[in-house]
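The values are calculated or read from the model by the stated rules, or taken from the named source; none is laboratory data. Just so it is clear, the structure is predicted and the values come from calculations on it, not from any experiment. Heads up, the Cβs are rebuilt from the backbone with ideal geometry, glycines too, and the neighbour counts pull from every protein chain shown. Only protein heavy atoms, including side chains, enter the accessible area calculation; ligands, DNA and RNA are left aside. Shrake-Rupley method; radii C 1.70, N 1.55, O 1.52, S 1.80 Å.
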Amino acid sequence: MKHRLASLAALVLTVAGGTVALTSGSASAADCGYLFDDFHYNSSSDPALTANGWTPRSYQGGPGVPGANWSAGNITFPTNAGQKVLQLTASTDGTAAGTNHAELYSTQKRYLEGTYASRVRFTDAPVSGNDGDHINQTFFTISPLNGDMDPTYSELDISEYLPNGGWGETGPINYQTTWYTYRADPWYADNLHSEQRSSLDGWHDLVAQVANGHVVYWIDGVQVGDHGGKYFPRQTMTINWNLWFIDTATHSGGLSTYIEQVDWVLFAKNQVLTPAQVSSQTASYRSAGTRFADTVASSGPCVNPTTPPSSPTASPSVSTPPPAGNCSSAANWQFATAYPGGSVVKHEKSKYGDPSGPKSGQGVHLWKARWWTQGSEPGWTEQWQDLGRC
């Protein structure tokens with residue numbers, strides 16, 4: 001569940017320096033598993049919606065206005081320009097009881113490395129009522145927080161659009177935030193973020209490439225963020241969209257209603273697709289008349305799904321895997337080294353998922369890379385198979 005419990009000014013927010021060139025193969029190359037949906041449903045109670053792995057939220061709780069309602073009825077599927085779309089609707093009269101939020105999320109927590117993309121329509125003004133509310137329009141992935149400062153917590157806010165601002169900021173402003181962990185009380189957050197301070201009213205193609213130890217964010221084919229290091233996700237996540245009010249501080253009376261629309265979603269497992277390849281893959285599904293496809297579980301996991309960058313700006317070194325792999329011959333794992341699938345290293349996992357932090361005390365283990373990886377610490381991610389203690 002998304003969470004925002006304090007002003008962004010109170011967060012620990014640092015923009016990552018540098019970029020990395022991610023090499024992409026053709027979108028029609030070896031199928032590592034895809035999810036595609038163009039949201040051709042009749043209503044939030046359409047059996048096909050849940051059968052295809054989506055859940056409309058219907059329970060109370062955060063984020064946003066305490067005591068607000070989350071209703072499946074706020075999820076609809078109207079037609080826009082001849083195409084069915086997912087629509088989230090949120091409204092407020094300035095009271096908790098009169099505030100309604102909307103969220104749709106994937107029922108299964110099964111998404112990690114690969115390319116996430118969605119075509120989303122943000123709106124600057126309400127469809128009815130007075131403007132000015134602190135409304136948040138989102139597309140994100142998330143895992144549960146298993147206690148304060150959970151070191152395996154993973155969340156990628158691919159876009160959080162605040163047309164009227166919020167968290168002490170004036171709008172319009174859009175965020176990409178990559179989370180390491182947080183604590184609710186007293187509030188503390190550890191993340192990286194990027195931002196755009198201009199209107200995003202209208203349709204936009206949002207893409208996040210999660211691979212090679214980096215999360216690279218794009219809007220309409222333009223790179224807007226590159227986050228890495230310990231902030232790289234450490235466990236599988238759900239895919240989500242939600243629409244909610246941060247607070248009611250700027251509400252000016254009456255009932256105000258806002259919408260967010262989603263044209264389609266695409267996830268390419270263990271593949272780095274460029275924004276152009278995302279568009280091509282989506283067009284291929286639609287030209288074939290495919291409204292929904294899901295091969296995430298049946299394909300892959302794809303050994304060596306991406307190749308090392310040919311001339312990366314971050315200049316990582318590329319290792320050659322040892323021929324046999326044992327505790328005497330294996331090299332120590334290095335954060336900056338790119339490891340092809342089959343590489344064997346030795347490493348004692350960190351205690352909190354931070355390679356530069358204290359050790360776990362579990363001793364040095366031998367690890368084998370399941371596929372090409374960089375910046376993913378053995379013991380904390382699925383990229384590495386544990387071959388046992390040395």
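Tabulated results
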read-out: Residue 336-residue 187 pseudo-label distance in nm [points 7 Å out on the Cα-to-Cβ vector]; value: 3.7 nm
read-out: The chain, accessible surface, carbon-and-sulfur percent (1.4 angstrom probe); value: 52 percent
read-out: Length released on extending from residue 298 to residue 385, taking residue separation times 0.36 nm less the Cα-Cα span; value: 29.3 nm
read-out: Square roots of five times the Cα gyration tensor eigenvalues for the stretch 113-166, Å; value: 29, 16, 7
read-out: Alpha-carbon gyration tensor eigenvalues x 5, square-rooted, for the stretch 129-280, Å; value: 26, 21, 13
read-out: Rounded accessible area of residue 390 (nearest 10 Å², 1.4 Å probe); value: 70 Å²
read-out: In degrees, nearest ten, helix 275-287 long axis to first principal axis of the chain (Cα); value: 70 degrees
read-out: Inter-label distance for residue 50 and residue 329, nm, one decimal - labels placed 7 Å from Cα along Cα-to-Cβ; value: 5.4 nm
read-out: Under-5 Å amide H pairs with residue 124, H placed in peptide plane, nonlocal only; value: 202
read-out: Percent of Cα pairs exceeding the 28 Å cut-off, where the set is the chain; value: 46 percent
read-out: Residue-averaged 222 nm ellipticity for the chain, from DSSP H runs of 4+ at -39500 (n - 2.57), nearest 500; value: -1500 deg cm²/dmol
